[in-house]
Amino acid sequence: MGFVKYPIIKKFCFCMSQALILFAVAYAATISAEAKYDFPNTSSGQYIFYYDTRRDAKRLTGIMKFYDGTIVCRTFDSIEKTNTIVSLKILKTDKEYEVVPDRIFTGDFNRDIQYVLVDFNNILNQQIKHTNKINDKKNAFLDPWPEFGYDLEHVFWKQIPFMGLYSTRRTDLKDPFYQAVIIGRMSDSDDVNFFNLDLPIYKEKLSAKFEVPIKKSKVISHSGYLITLDEHWNRIDANKIPEIKHETYWYSVDSLRDAQIGIEKIDISDFPNQSKIKTAKDLGNLILRSHPILLADTITVSELPNGELQLDFVSLEFQSRFRTKHIYRIKKLSGNKFEILNFSAFYETFTKNESYFLDVIKSIKPE
């Protein structure tokens, strides 16, 4: 069996020594046979990365859940350019959970993973301890370490997969030393992004850093609303391009689509596998999970005075490492119907012209 079950490990391990490859092949088929706990609230294929700046390091530590429930941990040291990859088991005792190593695929356990296990064991048991208080808001909990002379503050948030940890800092310091930076999901069984992520996480799209040229504006009718757009916006009809299923408008200056905005109505009844979606918050969570890579510290979820739910976040395109800013507004209609405002723009284009794009969104009014 070997790597047949874990083709993406095989893809990554092409650069490992022959001995390590043989070691991994021998054990890959039994990675998760003894696992007692596999983060049931985290979907298969999901992963998260934390940025760790302790001990003068710049380290990425990631956790991924395979489709069979196997939990894989990867650490990448950006200074030493080293990788360590192991599978983990989470065992449940009478009083707590224990995270232990299962198999080492590559790297140095003593150098990298023993510290990670200390972190994970503490974080997981902090999560269990505060389970009833972890919700849709970021909540901070104190974790005293008197033997070291300081206290830790852990911020937990329901939007974060696996252990729910958003960040950790020492209370005598301002900034977190351990911060969630990437929330991702495998697009298919050949997706190896988890094994190739490194630092810097993103790059600037320099051509997208332009100021919006002034053009004549007009009020147009779109999906039952009036919206003020200038001459840089072009209408794209539904299905004119395969991935565009509803009428939308593209902003075109530097590229064919520097930004886009559209409003669509959907009926969840048309998607039987999404029958659990009952509220705007449910749909918002689905939208967040549908993006392959999100920058975790950019995600905000807020309820507007008119009852709509707003999502703000930045996604990452892995190959180019370019960022895209997203704003969604979700309105629950009658029955299983929802209305969605969907705006996105290259990150640099949005930040350079934030007031312009927000004014476009503010101009939307019912016909």
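The values are calculated or read from the model by the stated rules, or taken from the named source; none is laboratory data. None of the values given here were measured: they were computed from a predicted structure. Here the Cβ is made from the backbone with ideal geometry for all residues, glycine too, and neighbour counts use every protein chain on show. Areas reflect the complete protein model, heavy atoms only, side chains present, ligands, DNA and RNA absent. Shrake-Rupley method; radii C 1.70, N 1.55, O 1.52, S 1.80 Å.
Note on the chain: dipole from Cβ charges, positive end direction compared against L288, S167, S78; the farthest Cα belongs to L288. On full extension, the segment bounded by S269 and D312 gains 12.9 nm, given 0.36 nm per residue less the C-alpha separation. Given R0 = 30 Å, the distance between the Cβ atoms of L286 and L91 translates into a calculated FRET efficiency of 0.40.
By the rule of a C-alpha distance below 19 Å, with chain neighbours fewer than 8 residues away ignored, the aspartates and glutamates paired with K337 are E247, E264, D267, D270, D282, E303, E308.
Across q = 0.09, 0.10, 0.15 Å⁻¹, the chain modelled as identical point scatterers on its alpha-carbon atoms has Debye log10 I(q)/I(0) values of -0.60, -0.73, -1.36, in the order of the q list.
Return the FRET efficiency for the residue pair S217, F148: r is the Cβ-Cβ distance, R0 is 41 Å, and the value is rounded to the nearest 0.05. Efficiency computed from Cβ-Cβ geometry: 0.10. For Y166, nonlocal amide neighbours, meaning residues 5 or more places apart or on other chains whose placed amide H falls under 5 Å from its own, are V155, F156, W157. When the solvent-accessible area of the chain is split by element, carbon and sulfur atoms take up 51 percent of it, the probe being 1.4 Å.
Here the dipole of the chain is about 420 debye; that uses its Cα centre as origin and unit charges on the Cβ of Lys and Arg (positive) and Asp and Glu (negative).
Surface analysis of the chain yields an accessible area of 51 Å² per residue, using protein heavy atoms and a 1.4 Å probe.
Rounded to the nearest 500, the helix-only mean residue ellipticity at 222 nm of the chain stands at -5000 deg cm²/dmol, with each DSSP H run of n ≥ 4 adding -39,500 (n - 2.57).
Among the lysines of region 172-290, pairs that are 8 or more positions apart or on different chains and have alpha carbons within less than 20 Å of each other number 5. Straight distance only, please: which lysines reach the Cα of K92 with their own Cα at less than 28 Å, same-chain residues fewer than 8 apart left out? Within the straight-line cut-off, K92 pairs with K5, K36, K65, K129, K133, K137, K138, K158.
Taking the square roots of five times each eigenvalue of the Cα gyration tensor of region 273-336, the equivalent ellipsoid has semi-axes of 24, 14, 8 Å, listed largest first. In region 187-332, taking the dipole from charged Cβ atoms about the Cα centre, the farthest positive-side position among N306, A238, Y251 is held by N306.
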